[in-house]
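What follows is a short report on a single structure.
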Amino acid sequence: MASSNSAPGASIPDPSEWNTGLAVEIEPLVRRLLAPNPSPFTFNGTQTYLVGRGQDVAVIDPGPAGTGVAGHADTNGNGHVEAILKATAGQRIAAIMCTHTHRDHSPAAGPLQAATGAPIIGCAALTIDDSGAGTGVRADAEFDPLYAPDRVLNDGERLTGDGWTLEGVTTPGHTSNHVCFALLESGALFTGDHVMGWSTTVVSPPDGDMAAYMHSLAKLQAREDLVYYPAHGPAVTKPQQLVRGMIGHRRQREAQILRVLGEGSATIPEMVAQMYKGLDPRLTGAAGRSVLAHLLDLETQGRIMRGPDAPEQPWTLIA
């Protein structure tokens, strides 16, 4: 999700504008391929990026599983892996790269590797129970238990291909294993879910961490990338301006929580009801997860305290 001032989620655009399954050139080295998995959490779907127009290509965020090629089960029936293979026909897939392991990003890596023999390179493996902790389960929050990278691309490490160079930029926060990829030849940054083109990302404990997320935003703000290509939503053409707004938005949410608690102890559902007026009910759980992330950060700072059975019990401002 990413317009910096919105609540989690936004209206889904006209399906006729999606171009699902069609590789669209967005700059000389980059094509975008949209997976058919729209939802209140994924906008019009997960955007897979194909980097390279020469002999080899890197596939960034292959998306949900889909075609059952090479003996792998078709879990979604969406044909996205076949669309990737069609778009890269005549090229060698040199790397399958994942920004993180939520189920709308990495599951297609396995079937795509089985079909091509390409190595899986990018984020570290991570599987964790994201049960919702009393605030509801997000539709996109489950991790991919089958993800197995051949190489983890750490901060500052590079991968080169025919006319392209991708560099790892670690950005924990949305997940602890989140990594962005910088295309050095053009100044583009593939931001996965850390910065998205339509709504703010959900930071969902226990793995999502608000302090780490804010640190990662500051890290991106200090960079000089020219454009962001997120996994969801349109390209971000004024990245530093957007990141500055996202930092301000999170600080406003933090201040909002402190104001609510200044009026008396409150549970997370009570805070969500006050803070997210008119929110799509399907997104209430996601909003609660972000509120919880802020609460845990404020607790670490010594500014609030939890009830004995938190997060279900009220949270209290420390005088």
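Readers should treat all values here as calculations from the given coordinates under stated rules, not as data from a laboratory. Predicted model, so just to flag it, every value in this text is computed and none were measured. Note: ideal-geometry Cβ built from the backbone for every residue, glycine included; neighbour counts use all protein chains shown.
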Mind running the shape call on region 15-247? Use the C-alpha gyration tensor, a ≥ b ≥ c as the square roots of the eigenvalues: rounded below 1.5 for a/c, prolate if a/b tops b/c, oblate otherwise.
rounded
Which of the lysines could a cross-linker span from Lys238 if the Cα-Cα distance has to be under 20 Å and same-chain partners fewer than 8 positions apart are dropped?
Lys219
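Taking R0 as 30 Å, what's the FRET efficiency between Asn19 and Lys238 from their Cβ-Cβ distance, rounded to 0.05? Before the final figure, lay out the partial values.
Working: r = 24 Å, r/R0 = 0.80.
Using R0 = 30 Å, I get an efficiency of 0.80.
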Calculated FRET value between Asp280 and Gln221, using beta carbons and R₀ = 22 Å, to 0.05:
0.15
Bins of 5 Å from zero: percent of alpha-carbon pairs in region 197-300:
2, 11, 21, 23, 19, 13, 7, 3, 1
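Where does the charge balance sit around Leu183 when Lys and Arg score +1, Asp and Glu -1, over other residues with C-beta under 12 Å from its C-beta?
Numbers: positive: Arg158; negative: Glu27, Glu167, Glu185, Asp225.
Local charge sum for Leu183: -3.
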For region 229-283, state which GluC sites (Glu not before Pro) are in a DSSP loop and have at most 10 other beta carbons lying within 10 Å of their beta carbon.
Glu263
